[in-house]
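The structure appears right after this line, and notes come after that.
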Amino acid sequence: MSSAIVDIRVHPISVPLARPFWMSLEPYTAAAEIVVEIETEEGHVGIGEIHGRPQAEIVRILGHFRRLLVGEDAIDHASLYEKLFRTTFSRESARFAAAEGQPHFGAGAAPQMMAAIAGIDIALHDLKAKRAGLPLYRVLGGRRAAVRAYASGGYYGPEDEAAVEGLVEEMTGYWELGFTAVKLKVGGLPLEDDLARVRAVREALPDVDIMLDANSAYDVPTAVAAARAFEPFEIAWLEEPVAWFDPVFGLARLGATTSIPLASGERELHLFGCRDLIDHTPIRFMQFDCTRAGGVSEWLRVAAYAAAHGVLMAPHHDPQIHGHLVAAADNGYILEVFPNPVRDPVW
């Protein structure tokens, strides 16, 4: 039987949450993802997952990709990745323009295109594993059947309040489930309020690793002040501390002033953005998310470059996919999981 692609099916899913979960700059109000199915002539179906927005734009792009992929051999995932990636910087990209108006000014859809590529590539790797009759981590050469995970949560309250009592209860609950590492949000309230939250968790959990996620909330001077204030609490890492407009050299300036290890990379779209973080900052943990951009193929490239520079892989989100990649990578370190079903009813 042939492994030619005969159909690509796309399923956008969005589940409203029972309450808002505030990050530093915006609330999380829906659990949303796009599921991609790729069917081959031999009857195998590979499944991919995408996180990105707006969903309608990603779905539209997947419709264009379907035209490029049906009839192609699913085994050739490397060449198919290259074929799709080249649509981002060729005349083919004109088909994907996301806005009307003057060319060069906001018409690009690179984040949505890289998200669409991610879903296709993950599904193709799933097909590869199914044809081999093995879990993906084994197909990729991995031997570890288990990897470490941390419980991600610690959002602000539904009205964006500090909610210290509820925070401590939540974090303690994760510890009682067996997690030895937890993550909570900072950057959304005045520093003194965030310090109260971090202090309360540290006092409740003296032997647990605590990660802090700022969701790119700080300019560099504010990030420096915050990191210095958090240092006494023995923080395992400070994640995405610097605002979107200075993600590389701003992070480097921060890294020169703090002893807290730095984590970043979940917003990057490709190896080249991750390369810049690795080359120009003292980043210790790379959080590239294969469901947001590039899929398994790009994640493995990032992991290889990170390994050559002593950087550990700690991917953002979706442990059901990233677990295979962390298990397969020599520098795979830890997985992010969301044990709160109210926050993540889909997973």
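The values are calculated or read from the model by the stated rules, or taken from the named source; none is laboratory data. Since we're looking at a predicted model, the values are computed, not measured. Ideal geometry is used to build each Cβ from the backbone, glycine not excepted, and the neighbour counts take in all protein chains shown. Just the protein is used for accessible areas: all its heavy atoms, side chains included, with ligands, DNA and RNA removed. Shrake-Rupley method; radii C 1.70, N 1.55, O 1.52, S 1.80 Å.
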**Request:** May I ask which residue of Val168, Gly157, Leu300 lies farthest towards the positive end of the charge dipole of the chain, with charges of +1 (Lys, Arg) and -1 (Asp, Glu) on Cβ and the Cα centre as origin?
**Result:** Leu300
**Prompt:** Could you give P(r) for the chain, binned at 10 Å from zero, as whole percent values over all Cα-Cα pairs?
**Reply:** 6, 24, 33, 25, 10, 2, 0
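Please list Thr87, Thr29, Thr172 from largest to smallest accessible area, probe radius 1.4 Å, with all protein chains kept in place.
Numbers: Thr87 5, Thr29 80, Thr172 35 Å².
Final ranking, largest accessible area leading: Thr29, Thr172, Thr87.
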**Message:** Solvent-accessible area of Glu298, probe 1.4 Å, all protein chains present, reported in Å² to the nearest ten, please.
**Reply:** 10
**Message:** Projecting each Cα onto the charge dipole of region 36-103 (Lys/Arg +1, Asp/Glu -1 at the beta carbon, about the Cα centre), which of Tyr81, Phe65, Pro54 comes out farthest on the positive side?
**Reply:** Pro54
**Complete:** In nm², the average projected area of the convex hull spanned by the Cα atoms of region 280-347 is 4.9
**Asked** Over the heavy atoms of Glu82, what accessible area does a 1.4 Å probe trace out, to the nearest 10 Å²?
**Response** 70
